[in-house]
Amino acid sequence: MEITAIYEAKPWQKIESWSQGLPPNGVYQAKLTTDDFVRMGDLQSVAKDWAGTYTLTFKDGKFLNVWKGEQGQTGHCQANYEVVGDIVRFSFYTDANDCPNEVDDIQWRLDDDGLHFHLVAIQNSQFTENKAMYEAKPWQKIANP
């Protein structure tokens, strides 16, 4: 009787398992709306500035994030990435002021619906906004690098 209560008391949740190693090479894209950012915890006033189309390119330890905002803004960030323990660390460098000295630690997995990310930690940038950017939607592969 008690064991039945354990199994039936609450719905079971799927535990996501994250992949090992580097994310697969490719060009991935997500169109993120203001509502996507608000749903992930951002303020409406901030979310409208982050909404847009993000294109991520992974190629053998080199990363490029190109962003086109809904209000005509643009940006790009470049990073080297490597496996550090059970995360992938992005160490950003750029000539622009888009992501100076930013360091992102992520986990990733590739599912049938696309490439998923989990932002574990970040240095020198906004956690909430970047978490929403990485995690709001699965990323769709649009090309090989």
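Taken together, the values in this text are just the output of simple stated rules run on the coordinates, not laboratory data. Just so we're clear, the structure is a prediction, and the values are computed from it rather than from any experiment. Heads up, the Cβs are rebuilt from the backbone with ideal geometry, glycines too, and the neighbour counts pull from every protein chain shown.
Some notes on this structure:
- Based on DSSP H segments of at least four residues, each scored -39500 (n - 2.57), the chain has a per-residue ellipticity at 222 nm of -5000 deg cm²/dmol.
- With a Förster radius of 22 Å applied to the beta-carbon distance between HIS76 and ASN25, the computed FRET efficiency rounds to 0.75.
- log10 of Debye I(q)/I(0), alpha-carbon scatterers only, for region 69-142 at 0.14, 0.15, 0.25 Å⁻¹: -0.49, -0.56, -1.31
- Kirkwood hydrodynamic radius (C-alpha pairs) into Stokes-Einstein, region 80-121, 20 °C and 1.002 mPa s, D in µm²/s: 188 µm²/s
- For the chain, a Kirkwood hydrodynamic radius built from all Cα pairs, placed in the Stokes-Einstein relation at 25 °C and 0.890 mPa s, yields a translational diffusion coefficient of 150 µm²/s.
- Convex hull per residue volume in Å³, alpha carbons only, for region 29-68: 69 Å³
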